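The values are calculated or read from the model by the stated rules, or taken from the named source; none is laboratory data. Source: prediction; values computed, not measured. All Cβ positions, glycine included, derive from the backbone under ideal geometry; neighbour counts span all protein chains shown.
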Amino acid sequence: MPNEALFKPLTVGAIQTRNRVFMAPLTRNRARPDGVPGELAAEYYAQRAGAGLIISEATQVSPRAKGYINTPGIHSDAQQAAWSRIVGGVHERGGKIALQLWHVGRISHVDLLPDGDKPLAPSAIRAKAQTVTSEGMIDVSEPEAMTTKQIRQTVQDFADGARRARAAGFDLVEIHGANGYLIDQFLRDGSNKRDDAYGGSIENRSRFLIEIVDAVSDAVGADRVGLRLSPTGAFNDMHDSDPKALFTYIAKTLSDRGLAYLHVVEDFGPAADGDDPKAVLEAVSRAWDGVYIGNGGYEADRAANAVRGGHANAIAFGRAYLANPDLADRLARGAPLNTPRPETFYGGGREGYTDYPLLEAAE
Ligand code: PHB
């Protein structure tokens, strides 16, 4: 079999996956305005149940955690019920699925938030970044610095989201600590200028993340909790003076928590300035004792090599999964892949969502 290394089962915390071809989280903006996943989401995810593990699109843990039009949430009974139907379809086909827990922080706009609230952030610094509202692409709003009370509430929101996810049947939850959203904004010193216990030193900047990891672990068990980080990314205006020290500290500190996995965005958007990205990723993966999922720009050969060579235990595919519902099967057979259509990535209906052909249909 081509790419054999990708087709051995893997123990990921509390679960076993049937292969190491995972589906990366993909924002699709097809949920209802109230954050209930859309009509077609169950079909979309069920089509992709052949992945060793599906990681859901980023899902807000509270109304104020939202930053883009029509993204789903996990803070209401109606949202939970819709997710439960989606999970049921994946499980019926023998798949496994994690829910990604998300707070966008300052990557939002007042028009998307309840009562015209400002976005929340570690510090009141507007990002040089854009989001999408009903008006289209638009600069993000100026955020307000979170109070200690808001920090405590947000940690609880992540734990509540995790509890709802498990109640909906999700196998695992993934904490979104990557790509310039709220947790990442706390981690990096370009966006975190706080002078309390959540800012300043690496230990202090990591405190918010670690409190979330511990609260979510208390809620659902550490062996059902994954974490996604992007140590080398500059997406959403991220800057840090010493990413290698920051992210190796996090990987080391969290290694004894018994988490299900660390999921690393190795390549997405512009690279952060500073250390050589390769050296940073090497150091992070060496510091982490546990299952490591690599993500970003992998194709079949490089993915199989990364698993065979011990760099990663599994690889998460984004665009390739978006365009190939049967990606794992195609990689197992060395079959050609459908080409993703970027104009249908965000928003819309069936087109570019549930209509990519299976291998049999394409033959
Ligand atoms: C996006 O909607 O552009 C987006 C969402 C989550 C990510 C990255 C990008 O982690």
I need a count of the residues in the range 125-145 that are in contact with a Phe, Trp or Tyr (Cβ under 9 Å, 6 or more places away or on another chain) and either assigned to a strand (DSSP E or B) or without any contact (Cβ under 8 Å) to a residue 40 or more places away in the chain (or both). 3
Report whether or not ALA312 is more than 16 Å from the ligand (Cβ to nearest atom) and modelled with pLDDT of 95 or more. yes
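At least 1 residues that are more than 16 Å from the ligand (Cβ to nearest atom) and more than 30 Å from ASP139 (Cβ to Cβ) in each: list the strands (runs of 3 or more DSSP E) lying fully within the range 1-106 that qualify.
Numbers: elements: 10-12, 15-17, 21-23, 54-60, 97-102.
Fully inside the range 1-106 and qualifying: 10-12, 15-17, 21-23, 97-102.
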Search the range 128-140 for residues being of a type in the set (A, V, I, L, M, F, W, C) and within 20 Å of the chain's Cα centre (by Cα), and hand back the single one that is farthest from VAL61 (Cα to Cα). ALA129
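Here is a yes/no grid of residues against (1) under 25 Å from VAL90 (Cβ atoms); (2) hydrophobic (A, V, I, L, M, F, W, C):
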{"residue": "VAL264", "(1), (2)": "yes, yes"}
{"residue": "ASP273", "(1), (2)": "no, no"}
{"residue": "PRO277", "(1), (2)": "no, no"}
{"residue": "ASP289", "(1), (2)": "no, no"}
{"residue": "TYR298", "(1), (2)": "yes, no"}
{"residue": "ALA312", "(1), (2)": "yes, yes"}
{"residue": "GLY318", "(1), (2)": "yes, no"}
When ASP301 is evaluated against the numbered criteria (1) under 29 Å from ARG224 (Cβ atoms); (2) assigned to a helix (DSSP H, G or I), which criterion, by number, is the only one it fails? (1)
In the range 251-290, anything surrounded by fewer than 18 Cβ atoms within 10 Å (Cβ to Cβ), among the hydrophobic types (A, V, I, L, M, F, W, C) and in a helix (DSSP H, G or I) is listed as ALA279
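Might you check whether a residue that is closer than 27 Å to ALA127 by Cβ, in contact with a Lys or Arg (Cβ under 7 Å, 6 or more places away or on another chain), within 16 Å of the ligand (Cβ to nearest atom) and hydrophobic (A, V, I, L, M, F, W, C) occurs anywhere in the range 252-272? Walk me through it before giving the result.
Our first condition is that a residue be closer than 27 Å to ALA127 by Cβ; within the range 252-272, this holds for 253-254, 262-272.
Filter once more, so that each one left must be in contact with a Lys or Arg (Cβ under 7 Å, 6 or more places away or on another chain): 263, 265.
Going one step further and asking which of them are within 16 Å of the ligand (Cβ to nearest atom), we end up with 263, 265.
Now restrict to residues that are hydrophobic (A, V, I, L, M, F, W, C): 265.
Looking through the range 252-272, at least one residue is closer than 27 Å to ALA127 by Cβ, in contact with a Lys or Arg (Cβ under 7 Å, 6 or more places away or on another chain), within 16 Å of the ligand (Cβ to nearest atom) and hydrophobic (A, V, I, L, M, F, W, C).
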